Each structure stands twice: as C-alpha cells, then as structure tokens.
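Just below is one structure, and these are the notes that go with it.
The values are calculated or read from the model by the stated rules, or taken from the named source; none is laboratory data. Keep in mind the model is a prediction, meaning the values are calculated, not measured. Virtual Cβ from ideal backbone geometry, glycine too; neighbours counted across all protein chains shown.
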Amino acid sequence: MNRALFALLFAASLVAQAPAPKAAPAAKPAPAAPAAKPAPAATGIVANKDSKIFHKADCKGIAKMKAENKVSFASSAEATKAGYKPCKTCKP
C-alpha cells in the first residue's frame, strides 16, 4: 500500500471516530396559558331577559343563553317578584 492511500484511510478513520458535535440545548416551551373558564354566576339564580325564565346556576339551560340576555338574582323570590317564571327543568 502506498503512503498516500494509507494517509487517506488513516484520516478517514479519525473522522469516523470523532465525537459528534453537541446539539444546542432545546429551548424550554412556553408555559401553557390557563384554560378560560366561564365566569361563575354571582348568585344562585340566573334569568333570561327574553324568555323571562330563571334557572339554578348549574342548569343546562344557561349554556344556551346569550350572554347579553343573562340577569342574576339573589333568590328565586326576587326573580319571581321581578316577573320571571321558574325553569321546568331545574325547578329552582
């Protein structure tokens, strides 16, 4: 084997044995924003201005209501006095 070929093979073996370059550390992901939760009702009674029906705060009928139609009351008696009728599903 001639010297040039030997030198070429020797250099190639050194390159193959060289450690791989270190990768830059991964950037930390940004913390996830907290999930938006619907604002809890200030009281236990939520009424609809259009239908004139009032519900318990956990009634499924509230989810169907438009935000601009929601009215809160401190009690069922207060909602009834204002002319609202109780929901037939949650029966407040």
task: Give the residue that is farthest from PRO92 (Cα to Cα), with candidates limited to residues of region 40-81 that are of a type in the set (D, E, K, R) and in a helix (DSSP H, G or I).
output: GLU68
query: Mind checking whether some residue in region 18-28 is surrounded by 10 or more Cβ atoms within 10 Å (Cβ to Cβ) and at pLDDT below 95?
result: no
message: Need the failing condition index for SER13 against (1) modelled with pLDDT under 95; (2) more than 30 Å from the chain's Cα centre (by Cα); (3) surrounded by 11 or more Cβ atoms within 10 Å (Cβ to Cβ), just the number.
response: (3)
message: For region 42-92: of the residues being out of contact with any Pro (no Cβ under 8 Å at 6 or more places or on another chain) and among the hydroxyl-bearing types (Ser, Thr, Tyr), which is surrounded by the most Cβ atoms within 10 Å (Cβ to Cβ)?
response: TYR84
